[in-house]
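S.K.: So that we are looking at the same thing, I have put the structure below in structure tokens.
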Amino acid sequence: MTPRRTYVVACLAGHGIGPEVTAAASRALAQVSRQHGFRIDEVHPPFDGVALQRAGHPLPASTRSATRAADAVLVAGATAPALGGVMAELDLSVRVTRLLADGGTSLTTFSPHHDGAEDLTLEHAFAAARARGGRLVSVGVSAGWRDCVERHAGRHEGVGVRHVTLADALALLAGNPGSLGLVAVEQGVADAVAGAPALGGRHHLAATGYLSSTGLGLFGPKHGHAFDIAGQGIANPSEMLVASALLLDEGLGRRSAAVALEESLAATLGSSRRTADMAGSGVAATTGEFVDAVLGLLPSARRDTEFALGVPR
């Protein structure tokens with residue numbers, strides 16, 4: 001299938017640091033898409049507290065329409081009260097999480113968001129595995145889950161499946177989240193698997209996406225809106241950039257662009273250019289300066305072979 005050249009992304013910034021980290025994501029998406037030969041058209045409908053001030057409702061009809069019409073939705077925080085309404089509107093079935101750990105190693109997990117979504121979850125997981133080296137780890141506790149995984153494995157030649165017990169998975173994730181790579185997780189134990197890296201005391205960034213049967217997905221960071229630092233230009237946009245990479249990867253199918261963004265972010269985090277919450281005793285970078293550093297590394301992080309000049313029209 002020929003990849004599309006233009007996509008529409010609905011950006012739900014809300015309030016708090018939402019507008020600042022959304023601006024960072026917009027810059028990253030614009031540059032990485034241009035460098036990889038496609039275009040992202042953004043729409044910014046009012047959302048949550050901003051929408052309440054403007055329209056008297058946190059999720060007005062115009063915002064609902066904009067999210068339904070988009071190819072993907074990017075939301076700036078996980079704690080917005082109106083987020084539940086968006087998720088219900090989009091009929092989301094599969095949860096996908098991306099963890100970026102120290103050293104740049106990453107972990108991606110797929111799990112059903114509700115009962116009956118197992119097959120759709122595994123279709124996404126096996127498709128991702130084919131694009132990432134042909135290896136998939138399965139974590140579950142029931143024979144039914146294992147049987148379902150094996151049934152899908154029979155339809156996806158070239159993907160090797162490794163079944164891991166929950167106890168072994170938790171131990172591996174607490175010590176080295178990147179060691180498992182790509183994981184399909186049974187619904188009942190998905191939260192335990194997603195929280196395991198934190199139990200090991202390892203610093204990591206996290207983003208979550210939700211996918212629907214129609215292909216539309218919603219993506220965002222795990223952090224909240226941090227009202228105490230809003231408007232100061234010091235917010236850390238790292239998790240929002242992880243969410244943007246996840247959107248490119250699982251939402252739009254633009255894996256090479258997603259890899260470039262994630263690798264550039266990991267390299268920046270490993271340098272001295274850090275925002276105030278990570279800088280320690282060093283000189284802190286502003287939100288804009290941190291994004292500048294990430295964008296400056298994008299050209300060297302390209303892993304695809306094609307190259308298109310300019311933005312297709």
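The values are calculated or read from the model by the stated rules, or taken from the named source; none is laboratory data. From a predicted model like this one, the values you see are computed outputs, not experimental measurements. For neighbour counting, all protein chains shown are included, and Cβ atoms are generated from backbone atoms with ideal geometry for every residue, glycine included. Side chains are part of the model used for accessible areas, which takes the heavy atoms of the whole protein and leaves out ligands, DNA and RNA. Shrake-Rupley method; radii C 1.70, N 1.55, O 1.52, S 1.80 Å.
S.K.: In the stretch 25-50, what residues are in contact with a helix residue (DSSP H, G or I) (Cβ under 6 Å, 6 or more places away or on another chain) and assigned to a helix (DSSP H, G or I)?
M.R.: Matches in the stretch 25-50: Ala25, Arg27, Ala28, Leu29, Gln31, Val32.
S.K.: Further, regarding this structure: Only residues that are among the aliphatic types (A, V, I, L, M) and open to solvent by 10 Å² or more (accessible area, probe 1.4 Å): list them for the stretch 207-237, please. Let's see the steps before the verdict.
M.R.: Let us first name the residues in the stretch 207-237 that are among the aliphatic types (A, V, I, L, M), namely 207, 211, 216, 218, 226, 229-230, 234-235.
If the condition is that a residue be among the aliphatic types (A, V, I, L, M) and open to solvent by 10 Å² or more (accessible area, probe 1.4 Å), then Leu216, Ala226, Ile229, Ala230, Ile234 are the ones that fit.
S.K.: Yes or no: Ala127 assigned to a loop (DSSP other than H, G, I, E, B) and hydrophobic (A, V, I, L, M, F, W, C)?
M.R.: Working: assigned to a loop (DSSP other than H, G, I, E, B): no; hydrophobic (A, V, I, L, M, F, W, C): yes.
Considered against the rule, which asks whether it is assigned to a loop (DSSP other than H, G, I, E, B) and hydrophobic (A, V, I, L, M, F, W, C), Ala127 comes out as no.
S.K.: I want to confirm something. Restricting to the stretch 279-295 and keeping residues that are in contact (Cβ under 8 Å) with a residue 12 or more places away in the chain and among the small types (Gly, Ala, Ser), which single residue is least open to solvent (accessible area, probe 1.4 Å)?
M.R.: Ala285
S.K.: Restricting the first residue to the stretch 165-190 and requiring it to be farther than 23 Å from Gly116 by Cβ and open to solvent by 20 Å² or more (accessible area, probe 1.4 Å), which pairs with a second residue that is of a type in the set (A, V, I, L, M) and in a strand (DSSP E or B) meet a Cβ separation below 6 Å and a spacing of at least six or different chains?
M.R.: Correct list of pairs: Gly178/Ala101; Gly178/Leu107.
S.K.: Continuing with the same structure: Would you confirm whether or not the stretch 160-183 contains a residue that is closer than 25 Å to Val73 by Cα, modelled with pLDDT of 90 or more and not in a loop (DSSP other than H, G, I, E, B)?
M.R.: yes
S.K.: For the stretch 77-91: of the residues being assigned to a loop (DSSP other than H, G, I, E, B) and either of a type outside the set (A, V, I, L, M, F, W, C) or touching a Leu at 6+ places or on another chain (Cβ under 6 Å) (or both), which is nearest to Gly220 (Cα to Cα)?
M.R.: So the first thing to find is which residues in the stretch 77-91 are assigned to a loop (DSSP other than H, G, I, E, B), and the list is 77-82, 91.
If we keep only those that are either of a type outside the set (A, V, I, L, M, F, W, C) or touching a Leu at 6+ places or on another chain (Cβ under 6 Å) (or both) as well, we get 77, 79, 81-82, 91.
Working: Gly77: 6, Thr79: 10, Pro81: 14, Ala82: 14, Asp91: 17 Å.
Ranking the candidates gives Gly77 first.
Per-residue answers, yes or no, for (1) of a type in the set (Gly, Ala, Ser); (2) touching a helix residue (DSSP H, G or I) at 6+ places or on another chain (Cβ under 9 Å); (3) touching a residue at least 24 places away in the same chain (Cβ under 8 Å); (4) within 25 Å of Val73 (Cβ to Cβ):
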{"position": "Gly224", "(1), (2), (3), (4)": "yes, no, yes, yes"}
{"position": "Ala230", "(1), (2), (3), (4)": "yes, yes, yes, yes"}
{"position": "Ala235", "(1), (2), (3), (4)": "yes, yes, yes, yes"}
{"position": "Leu241", "(1), (2), (3), (4)": "no, yes, yes, yes"}
{"position": "Leu261", "(1), (2), (3), (4)": "no, yes, yes, yes"}
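S.K.: For the stretch 1-47, give me the residue count where each residue is closer than 18 Å to Ser238 by Cβ and β-branched (Val, Ile, Thr).
M.R.: Total satisfying the criteria: 4.
S.K.: Using beta carbons and a limit of 7 Å, which pairs, at least six apart or on different chains, have the first residue in the stretch 5-31 and under 17 Å from Val86 (Cα atoms) and the second one of a type in the set (S, T, N, Q)?
M.R.: Ala10/Thr67; Cys11/Thr22; Cys11/Ser26; Ala13/Thr22
S.K.: Same structure again: Starting from residues that are in contact with a Gly (Cβ under 8 Å, 6 or more places away or on another chain), of a type in the set (Gly, Ala, Ser) and open to solvent by 30 Å² or more (accessible area, probe 1.4 Å), keep the ones in the stretch 238-278 and report whichever is modelled with the highest pLDDT.
M.R.: Ala267
S.K.: A further question on this structure: Out of everything in the stretch 51-76 that is open to solvent by 20 Å² or more (accessible area, probe 1.4 Å), in contact (Cβ under 8 Å) with a residue 24 or more places away in the chain and part of a helix (DSSP H, G or I), what residue ends up being nearest to Asp292 (Cα to Cα)? Spell out the reasoning first.
M.R.: First, the residues of the stretch 51-76 that are open to solvent by 20 Å² or more (accessible area, probe 1.4 Å): 52-58, 61-62, 64-66, 68-69, 71.
Then keep just the ones that are in contact (Cβ under 8 Å) with a residue 24 or more places away in the chain; that gives 58, 64, 66, 68-69, 71.
Cutting the leftovers down to part of a helix (DSSP H, G or I) gives us 64, 66, 68-69.
Values: Arg64: 33, Ala66: 29, Arg68: 32, Ala69: 31 Å.
It comes out as Ala66.
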